[in-house]
Amino acid sequence: MPAPEAWAALERGDHAKAASIFREELDRSPRNAWLHFGAGYAALRLGRSDAAISSLKRAIEYNPRFVQAMVMLSQAAYQTADLDLAVRTLEKAAALAPGDRAIASQLEGWRVESALHERFDERAGVRFRVLFEGPAEKAISDRVAAVLESKYWSIGKTLNTYPGETLTVILYSNQQFQDITRAPAWAGGGYDGRIRLPVGGALRSPKSLDRVVTHELVHAIIRTAAPTGAPTWVNEGLASYLESADHTWVARVLRAADGRISLSDMANGFDRFDADTALVAYAESLVAGQLLCERLGPNVGTFLQMLGSGHTVDQALSTLNVPPETFYAEWRRRIGVK
Ligand SMILES: [Zn+2]
């Protein structure tokens, strides 16, 4: 394989280094499919989906039987909410590798999702497109679109980040949401390149609809600033803090909870938590998110960008004149660690 030192860099997680080696090598051999594949892989790991898509398309152009590149291109396309490209590309891979179970089952899942979305109506806007099913969800889609438009500016200002590309928002019945996302039953919504919201009965409590929409929008905006690298407690902390002005539930949850969860246990997803534990994790994260906003002020956006470019939380805090130790000590004090 060409550029072994770039692959070694990918192996040890140094994606930026790998990307720069692949770029240099491509100057010398611009038609090498493996180099384009490597560049696409590195871009994907750096969270640059658009760059990944164009590199992987080129890899396939120079080697039309490049199944791995097709699989990766389909994943990158899915991440950017381009389900058509994801399905089309994976169909080509499946034709070349008919015995591959993983490809077949992924394709099956995406076809189900695609068939479901085909029935949906679309409310197209410049910054947002909202997909919803039937007239019953029309009123909800209007409300969701209005919340997104207004929050885009206020949250954008707080995080100093304004996503440029159109964000897709899909409104599901509660059952569709479970089927498509396989999210834990406690999840109120999800963001995976597009916002997915279960909206069965949503207008019965429009306040919580607004809250969930705002929460997922924060995730989308964070992803623009830091495509990778933000620990879950940063992500969920900011989303939970900024979703609404009412934070009274936090003290109630923390008072009732037996123990506390450490930040390191809240770095890699909450999906493994049961509903009660997840609630504590959200409460503790919200306290951290609030503290980040208070201490960093207008620098929250810069903080996120630093995480996105590979800095640790401690490095980013220090650079922005917030001593990490005092930050953590204050967080522990506020969540009530003795
Ligand atoms: Zn969240």
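The values are calculated or read from the model by the stated rules, or taken from the named source; none is laboratory data. All values derive from a computational prediction rather than experimental measurement. Cβ placement follows ideal geometry from the backbone for every residue including glycine, while neighbour counts extend to all protein chains displayed. Areas reflect the complete protein model, heavy atoms only, side chains present, ligands, DNA and RNA absent. Shrake-Rupley method; radii C 1.70, N 1.55, O 1.52, S 1.80 Å.
Mind grabbing the base-10 log of I(q)/I(0) for the range 86-148 at q = 0.20, 0.23, 0.25 Å⁻¹? Debye formula, identical points on the C-alpha positions, no solvent, two decimal places. Cα-only, vacuum Debye calculation for the range 86-148: -0.77, -0.87, -0.95.
Each Lys and Arg Cβ is given +1 and each Asp and Glu Cβ -1; about its Cα centre, the chain then shows a dipole of about 260 debye. Taking every protein chain into account, the accessible area of the range 231-338 amounts to 48 square angstrom per residue (probe 1.4 Å).
Report the full-extension gain for the segment residue 166 to residue 139: residue separation times 0.36 nm, less the Cα-Cα distance, to one decimal in nm.
Here the segment from residue 166 to residue 139 would lengthen by 7.6 nm.
Estimated from the Cβ-Cβ distance and a Förster radius of 22 angstrom, the FRET efficiency linking residue 12 and residue 65 is about 0.15. Leaving ligands, DNA and RNA out of it, report the carbon-plus-sulfur percent of the accessible area of the chain at a 1.4 Å probe. Its accessible area is 50 percent carbon and sulfur atoms.
Per residue, the convex hull around the alpha carbon atoms of the range 262-319 comes to 87 Å³.
Given an 8 Å cut-off on Cα distances and at least 6 residues of separation, report the relative contact order of the chain as a percent. Averaging sequence separation for qualifying contacts and normalising by length gives 11 percent for the chain.
Placing +1 on the Cβ of every Lys and Arg and -1 on the Cβ of every Asp and Glu, with nothing else charged, gives the range 250-314 a dipole about its Cα centre of roughly 180 debye.
Of all lysines in the structure, the ones whose alpha carbon falls short of 27 Å from that of residue 57, not counting any fewer than 8 places away in one chain, are 17, 92. Pairs of Cα atoms nearer than 8 Å and 6+ residues apart set the relative contact order; for the range 1-157 it is 11 percent. Counting only the Cα atoms, the range 124-268 fills a convex hull of 124 Å³ per residue. Within straight-line reach of residue 151, meaning a Cα separation under 26 Å, sit the following lysines at least 8 residues removed in sequence or on another chain: 138, 207. Rg/Rh for the range 35-170 stands at 1.05; both radii use Cα atoms, and Rh follows the Kirkwood definition. In this label model, residue 27 and residue 258 are separated by 6.0 nm, measuring between points 7 Å along each Cα→Cβ vector.
Solvent-accessible surface of the range 55-208, taken per residue with a 1.4 Å probe and all protein chains present: 51 Å².
With only the Cα atoms considered, the chain has a convex hull volume of 147 Å³ per residue.
About its Cα centre, what dipole magnitude does the range 158-295 give when the only charges are +1 on Lys and Arg Cβ and -1 on Asp and Glu Cβ, stated in debye to the nearest 20?
So the magnitude is around 180 debye.
The alpha carbon centroids of the range 311-334 and the range 270-296 are separated by 16 Å. If R₀ is 35 angstrom, what is the calculated FRET efficiency for the pair residue 302 and residue 247, using the beta carbon separation as r and rounding to 0.05? My answer for the efficiency is 0.90.
On C-alpha positions alone, give me the angle between the axis of helix 101-118 and the longest principal axis of the chain, in degrees, nearest 10. Rounded to the nearest ten degrees, it is 60. Summarising the strand pairing of the chain, around 45 percent of its internal DSSP beta bridges are antiparallel.
Select from 145, 103, 161 the residue farthest towards the positive end of the dipole of the range 94-162; place +1 on Cβ of Lys and Arg, -1 on Cβ of Asp and Glu, and compute about the Cα centre. The Cα lying farthest towards the positive end belongs to 161. Largest mean-square fluctuation among 234, 112, 300, in a Gaussian network model of the chain whose springs join Cα atoms under 10 Å apart, belongs to 112. For residue 96 and residue 54, a Förster radius of 22 Å and the Cβ-Cβ distance give a FRET efficiency of 0.55, rounded to the nearest 0.05. Per-peptide packing, taken as the mean over residues of other Cβ atoms within 10 Å, places 219-226, 175-182, 284-291 in the sequence 284-291, 219-226, 175-182 from highest down.
Taking only the Cα atoms of the range 191-338, the ratio Rg/Rh comes out at 0.96, with Rh defined as the Kirkwood radius.
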